[in-house]
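Have a look at the structure below before the remarks.
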Amino acid sequence: MNQELKRQLILENYQHPFHRGLKKEAGYVVKNTNNESCIDNLDISLKVEDGIIKDATFDGEACAISTSATSILLRKLVGLKVEEAEKLLQNYESMIHEGPYDEALLEELLAYQDIYLQPNRKTCALLPAKAVHEILEGR
Amino acid sequence: MHREDFPFLKTGAIYLDNGATSLKPNAVLKSMMDYYEKYCANIHRGDYQASYQASDMYEKAREVVQNFIGAEKKEEIIFTKGATQSLNQIIFGFFKNHLQEGDEVLLTKAEHASLLLPFLMLEKEIGIHLVYIPLSKEHTLTLEAFQNAVTEKTKVVAIAGVSNVVGDHRPLHEIGTFCKEHNIFFLVDGAQSVAHVTTDVVKDSIDFLAFSGHKMLGPTGVGVFYGKEKWLEEMEPLEYGGDMNQSFSSLGEVSLKSIPARFEAGTPPIAEVIGLKNAIEYLEKIGMDVIQSHEENLKQYFLEQVKSLPQIEVYNASVSGGTVIFNIKDVFSQDAAIYLDRFGICVRAGNHCAKALKEELPVQNTVRVSFYLYNTKEEVDKLIEALSKSDTLYDVIL
Ligand SMILES: Cc1ncc(COP(=O)(O)O)c(C=O)c1O
């Protein structure tokens, strides 16, 4: 993915995020996620039924990287089985930490491929993953 | 002013985060090196020249601090590791034993976590009641709002001399006088004020004052608390150990040293105390009035220049002092700070450790620029220039 496309994806998802506006009604599980070292602070809610993620929403205040990563990740999660979601998260986290990952699986999330070049921003890209893990694992 | 004295400026950085910490002049760095190189010894212990000299410098520093804040006695000056430790000692060492269930402590939601959190803990622990004085539209504390918030049950007023978020200079003299007349304890968090304006604990009837060396040209790792002698006599130490006891036995008979030693358990930050002494002498040579007006001029200059940039929203324009808080329209403050960093400009993004204030401010997070004596109009120009190109922000940071 070229630099310009990455930037566009991030901006597009920051300025017009997917499913911003937190749903909290029955069936949704809400988790807060924030970075201890900075000021990003988001709530994420997922609706999981029969082992499938039926819906995903979020809200809060966070930087362009965190917000866009949350938007892209949640959009990809909707419709996935819990195991598939876990696998996606694993690949995404591995990419951020410069480990091996499946490009075909990550698609738009490849926008954060080079984030390791700015180590202090890795936590921004990983912000949504933490809350999603917690919800999926029932913590 | 005096830029040549500050080695960090040679990096070319434009340092506008003085609310977080200040730069250090050569005189301070040199005084600390001198200690390590020429009379490196513990204080109050050795019977040899280096130890005498170290003890002497350490106690001289106490006098320098005393004169700087206008205290009556040098025994009223206690060295700590910073404003946070000072505030904890005051709140848990004194107020915990002098307040009762139902007593009211007046403060504001703009107070720093280091003042607010210890009191919140005390609220849980002993049932005191925290009362927040409503802030003005510009989030400042007015004398009138203060007076309206006082009740029969008000026992303590605990506020910053200068707010670290909005930067307003609180009317300490009037509040202090009122407190004295009404038998209310007056605790001032001086972390942001002692560095920037003249402090006079006697004239302003301050019972307790806390501040940090690192925000006033001194090193990290040293702070001060001041307490009126009679209150210090009633205060309990939170730390026990060497240098603060007179004698003790295994039977549990303990007698403590008199103030100030009672509150300085263990080996203190000797080099840092000496550095702080030199920092204060440096500030005094320039004059706090000169520093204060220099910062205000820079703020006014920034406000003038920023008028031509409609995308910048300033939240504290009418507040005096050297702090500006703003946002670039539709840009998260942290992204703005990261953008400015690409121009070598250091600013702070966030809620500035006053998390309770988000209940009052129209926005949760802002960019904060805080000036100090070495900042210049040329630096403001560079900040304005960077802000003027903010339409390219995402090209720069992504
Ligand atoms: C108003 C105020 N109080 C207290 C503190 C705490 O100071 P320190 O971190 O040096 O202990 C700060 C530092 O940011 C402050 O701005």
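The values are calculated or read from the model by the stated rules, or taken from the named source; none is laboratory data. None of these values were measured; they are calculated from a predicted model. Cβ atoms come from the backbone with ideal geometry, glycine included; neighbour counts cover every protein chain shown.
Structure summary
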{"read-out": "Residues located in the stretch A:9-26, provided they are more than 9 Å from every other protein chain (Cβ to nearest Cβ) and either more than 19 Å from A:LEU46 (Cα to Cα) or part of a helix (DSSP H, G or I) (or both)", "value": "A:LEU9, A:GLU12, A:ASN13, A:HIS16"}
{"read-out": "Failed criterion for B:ASN97 (all others in (1) within 13 Å of the ligand (Cβ to nearest atom); (2) out of contact with any Lys or Arg (no Cβ under 6 Å at 6 or more places or on another chain) hold)", "value": "(1)"}
{"read-out": "Check on B:MET216, within 19 Å of the chain's Cα centre (by Cα) and of a type in the set (A, V, I, L, M)", "value": "yes"}
{"read-out": "Meets criteria (in contact with an Asp or Glu (Cβ under 7 Å, 6 or more places away or on another chain), in the same structural domain as B:VAL156 (by TED's automatic domain parsing), touching a residue at least 24 places away in the same chain (Cβ under 8 Å) and not polar (S, T, N, Q)) for B:ILE78", "value": "yes"}
{"read-out": "Residue in the stretch A:63-86 that is over 30 Å from B:ALA336 (Cβ atoms), surrounded by 14 or more Cβ atoms within 10 Å (Cβ to Cβ) and touching a Gly at 6+ places or on another chain (Cβ under 9 Å) present", "value": "yes"}
{"read-out": "Matching residues in the stretch B:78-94 - criterion: being within 14 Å of B:MET235 (Cβ to Cβ) and either of a type outside the set (S, T, N, Q) or more than 8 Å from the ligand (Cβ to nearest atom) (or both)", "value": "B:ILE78, B:THR80, B:LEU87, B:ASN88, B:GLN89, B:ILE90, B:ILE91, B:PHE92, B:GLY93, B:PHE94"}
{"read-out": "Matching option when the condition is out of contact with any Pro (no Cβ under 9 Å at 6 or more places or on another chain), hydroxyl-bearing (Ser, Thr, Tyr) and within 14 Å of another protein chain (Cβ to nearest Cβ), among A:SER45, A:SER68, A:SER37", "value": "A:SER37"}
{"read-out": "Residue, farthest from the other protein chains (Cβ to nearest Cβ), within the stretch B:106-129, restricted to residues that are within 16 Å of the ligand (Cβ to nearest atom) and not in a helix (DSSP H, G or I)", "value": "B:LEU107"}
{"read-out": "Selection status of A:SER37, among the small types (Gly, Ala, Ser) and not in a loop (DSSP other than H, G, I, E, B)", "value": "no"}
